[in-house]
Amino acid sequence: MPESYLFSEISRRVSAFKENNPGADIIRMGIGDVTRPLCGAAIEAMHRAVDDEADAASFHGYGPEQGYPFLRDRIAETDYRSRGIDIDADEIFVGDGAKSDLGNFGDILASDCRVAVTDPVYPVYVDTNVMAGRGGAPDGCRHEGIIYLPMTRENGYVPQLPSVRSDVIYLCSPNNPTGTAMTRDELKMWVDYARREGSLILFDSAYEAYIHNPDVPHSIYEIEGARDVAVEFRSFSKTAGFTGIRCGYTVVPRQLTGIGESGERVPLNRLWRRRQCTKFNGASYVSQRAAEATYTAEGRRQIAETIDYYMENARIMRESLAAAGYEVAGGVDSPYVWLKTPEGVSSWDFFDRLLSRVAVVGTPGAGFGACGEGYLRLTAFNTREATREAMERISRL
Ligand code: PLP
């Protein structure tokens, strides 16, 4: 495994800049973490859950590995059935966040699976497969064993079907890092491909709560036939600010199967439960109670308010950058804006230019894959004031 170089290199360059410019007011627009506090409903639920743990009569020790029914029932009802999607509580696995589940899911897949990822990509998909031995030989910033599906301005940031068959495809919509999202038709193209080829789609919808466009599905199960081919990963991190509290869930439909060693169909729901019961003891009672509270009427209203705050930042970013003559994608259905660097300027050169001239920090697109070269990712997670100030500085530049 090569060292994970992106964020350490960014902090090295920012520290060097700070040392030479001690008075500089640096604005960080590369933050991948939320910054607004947890909503009141979740905080109150956690206080109550802590009190439960203080009394023998209401104490909770080890919980069900798959998550408490009080949360799984809420998820099935609110995130799926109320939207006309047929998902039951026993198809939902509550965990400590999407990153672990996305990384761990490979435990139940064959070690020689052919994996396809988009380029640029959330690095967890690639690195966890390399750790599992599916990467093949390194080839520059790529791996020979992995199929890369470019997401570029030329294809409208929509990954196209591969020419070689892939067993497993990771799709992320709304996307990190490009901030773009797949429409119903675009996602249907992938579900149809997976059904035709017998492939498995691992669908990451960690940013689902940011979707505004009615033509962008919130769940892959809105697409007919997806229950046969797709696992969906969701998180309370960006939806409700749980990046520090930790809670997420994975949906594995009962009818979804893989092919066992002697050619028999193996339900992945059963295999994933087996894996989780072996290696995982559940998300904490306190965080599951907090997650449950985000589904109350008050909780819904509060988390929507926070998402609106970030998305207003995203709107300001898109509009200011476009007015300043930059080409931007994303920022409509996600908190990420994908900025094309000026002609002939590399991701890292543009990063350095913004840092040294206007003290604004972004994330170089090249760090997310070869096709990210020539882009910079900016996030909407800063304060309104800092976002406005950063946009003014970039516009002046
Ligand atoms: N998936 C994507 C695309 C992400 O960007 C992130 C976090 O940044 C995650 C998953 C991880 O989320 P969690 O905090 O639930 O582990």
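The values are calculated or read from the model by the stated rules, or taken from the named source; none is laboratory data. Please read these numbers as outputs of a predicted model, since none were measured by experiment. Glycine gets a Cβ as well: all are built from the backbone with ideal geometry, and neighbour counts include every protein chain shown.
Residues are listed down the side, and each one gets a yes or a no for (1) hydroxyl-bearing (S, T, Y); (2) at pLDDT 95 or above; (3) within 27 Å of K238 (Cα to Cα):
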{"site": "Y336", "(1), (2), (3)": "yes, yes, yes"}
{"site": "V358", "(1), (2), (3)": "no, yes, no"}
{"site": "G365", "(1), (2), (3)": "no, yes, yes"}
{"site": "E385", "(1), (2), (3)": "no, yes, yes"}
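Filtered by the rule that a residue be out of contact with any strand residue (DSSP E or B) (no Cβ under 9 Å at 6 or more places or on another chain) and closer than 21 Å to Y62 by Cα, segment 288-320 gives R289, A290, E292, A293. The residues on offer are A386, A390, and the sole one that is in contact (Cβ under 8 Å) with a residue 24 or more places away in the chain, surrounded by fewer than 21 Cβ atoms within 10 Å (Cβ to Cβ), part of a helix (DSSP H, G or I) and among the aliphatic types (A, V, I, L, M) is A386. Applying a threshold of 7 Å to beta carbon distances and a minimum spacing of six or more residues, or different chains, the list of pairs starting in segment 1-19 at a residue that is over 26 Å from H143 (Cα atoms) and aliphatic (A, V, I, L, M) and ending at one that is surrounded by 11 or more Cβ atoms within 10 Å (Cβ to Cβ) and at pLDDT 95 or above reads V14/I26; V14/L355; V14/V361. Please work out which residue is farthest from the chain's Cα centre (by Cα), limiting yourself to segment 210-237 and to residues that are surrounded by 23 or more Cβ atoms within 10 Å (Cβ to Cβ), within 15 Å of the ligand (Cβ to nearest atom) and over 16 Å from V94 (Cα atoms). Looking at residues that are surrounded by 23 or more Cβ atoms within 10 Å (Cβ to Cβ), within 15 Å of the ligand (Cβ to nearest atom) and over 16 Å from V94 (Cα atoms), I get I220. Against the condition surrounded by fewer than 12 Cβ atoms within 10 Å (Cβ to Cβ), among the polar types (S, T, N, Q), assigned by TED's automatic domain parsing to the domain that holds S287 and away from the ligand (no atom under 16 Å from the Cβ), how does S82 come out, does it pass? Answer is yes for this residue. Within segment 355-377, the set of residues being buried (at least 23 other Cβ atoms within 10 Å of the Cβ) and more than 21 Å from S4 (Cβ to Cβ) comprises just one member, V360.
If the requirement is being under 23 Å from G32 (Cβ atoms), touching a residue at least 12 places away in the same chain (Cβ under 8 Å), assigned by TED's automatic domain parsing to the domain that holds G106 and touching a Gly at 6+ places or on another chain (Cβ under 6 Å), which of these qualifies: S235, S205? Being under 23 Å from G32 (Cβ atoms), touching a residue at least 12 places away in the same chain (Cβ under 8 Å), assigned by TED's automatic domain parsing to the domain that holds G106 and touching a Gly at 6+ places or on another chain (Cβ under 6 Å) holds for just one of S235, S205, which is S235.
For segment 59-66, indicate whether the set of residues that are without any contact (Cβ under 8 Å) to a residue 24 or more places away in the chain and either over 24 Å from I394 (Cα atoms) or outside the structural domain of F236 (by TED's automatic domain parsing) (or both) is non-empty. Scanning segment 59-66, I find at least one residue that is without any contact (Cβ under 8 Å) to a residue 24 or more places away in the chain and either over 24 Å from I394 (Cα atoms) or outside the structural domain of F236 (by TED's automatic domain parsing) (or both), so the answer is yes. R195 fulfils the conditions (1) of a type outside the set (A, V, I, L, M, F, W, C); (2) surrounded by fewer than 19 Cβ atoms within 10 Å (Cβ to Cβ); (3) assigned to a helix (DSSP H, G or I); (4) within 15 Å of the ligand (Cβ to nearest atom) except for a single criterion, (4). Of the residues making up segment 290-334, those that are assigned to a helix (DSSP H, G or I), over 30 Å from R48 (Cα atoms), touching a residue at least 40 places away in the same chain (Cβ under 8 Å) and not polar (S, T, N, Q) are M311, E312, A314, I316, M317, L321, A323. Being touching a Gly at 6+ places or on another chain (Cβ under 9 Å), modelled with pLDDT of 95 or more and within 14 Å of the ligand (Cβ to nearest atom) is a description that applies to N176.
For (1) of a type in the set (V, I, T); (2) within 16 Å of the ligand (Cβ to nearest atom); (3) assigned by TED's automatic domain parsing to the domain that holds V164, each residue gets a yes or a no:
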| position | (1), (2), (3) |
| --- | --- |
| C113 | no, no, yes |
| P120 | no, yes, yes |
| V124 | yes, yes, yes |
| T128 | yes, yes, yes |
| G135 | no, no, yes |
| D139 | no, no, yes |
| R142 | no, no, yes |
| G145 | no, no, yes |
| P150 | no, no, yes |
